[in-house]
Amino acid sequence: MPDMFEIEISCDNCGNNIMKSMRWIREHDELSCGCGRQIQLDAALFKSHIARVEHSFAGFQRSLDSFGS
């Protein structure tokens, strides 16, 4: 489920904000903005953020599971 969450990536050339899913970011090294700029994705930075979101999501899921018990 965390793979469905989207992250906003800003183009430093035109300021356009591009939404991409965590899964998409994991699978790509760069993306193209509508202005033509190629945006290099800092894999280590994004993976760190993704890991934190996944950890938080897992904790939330555990809370929901214990609530229902």
### Message
Relative to 2.2 N^0.38 Å, what does the C-alpha radius of gyration of the chain come to as a ratio? Two decimals please.
### Response
1.37
#### Entry: For residue 21, residues with placed amide H under 5 Å, excluding near neighbours
7
### Query
Stretched out fully, how many nm does the piece from residue 40 to residue 28 gain, at 0.36 nm a residue minus the Cα gap?
3.4 nm
### Task
Report the label-to-label distance for residue 8 and residue 63 in nanometres (one decimal), using points 7 Å from each Cα along the Cα→Cβ vector.
2.3 nm
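Every number in this text was worked out from the coordinates using simple rules, so none of it is lab data. Here the structure is a predicted model, which is why all the values come from computation and not from measurement. Cβ sites come from the backbone with ideal geometry, for glycine too, and all protein chains shown count toward neighbours.
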